[in-house]
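Structure, as structure tokens:
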Amino acid sequence: MFTLIELEEVIGILPRDFNKPLKEAAFERLKTLYEGTVIEGVGYVVMVVDVDVEPVGIILPRDGSVYHKTRAKLLIFSPRIQEVGEGEIVEITEFGAFIRIGPMDALLHISQVMDDYLSYDEKHSILLGKKTGKKLEVGDNVRFRVVAVSISPGTVGKISITTRQPYLGKIEWIREDLEKLGAKPLAEES
């Protein structure tokens, strides 16, 4: 879900930043340009990690900025279909749960939680299985599989996930299933 990429870009250092070290000014400019945006075909830019700047820049007529070639390392969030991950439930609604995965929230639709009829308890913000008695609530950690991704420039982005497959779901449920099979339990979270 997270990758590091390198990007080459020519950026303009504004006159107000001439008093700063070149690397610092370039780093701030790249952060402003890229952090929190989506690069088409690449993903959501979480942060600029590092930057190298050519010390000699170009000045254009009637433009106060100095333009420098840069090579930046960016941390990208780009979930892939069929990828398995873990996240925390941050909201429960009548149609499912929202799971925080990286810088975004993914939708776990009520039909994708488990093979059981689920009811929504609005007062306690809980999804409860009718036959199994299993419940999901805010703060629970779940393991999921990504089933759909739509992240493009200019949109909020959507990620759909499922926990309706073996060894997916609330971490506590997975531990219980493994114990029933006599398998070694999952490592405790620290």
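Any read-out appearing in this document is the output of simple, stated calculations on the displayed coordinates, not a laboratory observation. These numbers come from a predicted model, not from an experiment. Every residue, glycine as well, gets a Cβ built from its backbone with ideal geometry; the counts of neighbours run over all protein chains shown.
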- Per-residue [θ]222 nm for the chain (sum of -39500 (n - 2.57) over DSSP H runs n ≥ 4, rounded to 500): -3500 deg cm²/dmol
- When TYR44, TYR67 are ordered from fewest to most other Cβ atoms inside 10 Å of their Cβ, what list results? TYR67, TYR44
- Item | On Cα atoms only, tilt of 22-34 relative to the major axis of the chain in degrees | 50
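Per 0.36 nm of contour for each residue apart, how much would the distance between ILE59 and ASP121 grow if the chain were fully extended, relative to their Cα-Cα spacing?
Once the chain is fully extended between ILE59 and ASP121, it gains 16.0 nm.
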- What is the helix-to-structure angle for 171-180, meaning the angle in degrees between its Cα long axis and the longest Cα principal axis of the chain, kept from 0 to 90 and rounded to the nearest 10? 50
- Task: Send over the semi-axes of the range 1-128's equivalent ellipsoid, whole angstrom and largest first, taken as the square roots of 5 times the C-alpha gyration tensor eigenvalues.
- Result: 45, 14, 10
- Query: Got a sec? How would HIS109, HIS68, HIS124 order by Cβ neighbour count within 10 Å, fewest to most?
  - Reply: HIS124, HIS109, HIS68
- Could you count how many Lys pairs in the chain have their Cα atoms under 17 Å apart, skipping same-chain pairs fewer than 8 positions apart? 13
- Item | Amide H contacts of MET47 (H built 1.01 Å from N, under 5 Å, at least 5 apart or other chain) | LEU75
- Message: Using Cβ contacts closer than 10 Å as the measure, can you line up ARG143, ARG100 from fewest to most?
- Response: ARG100, ARG143
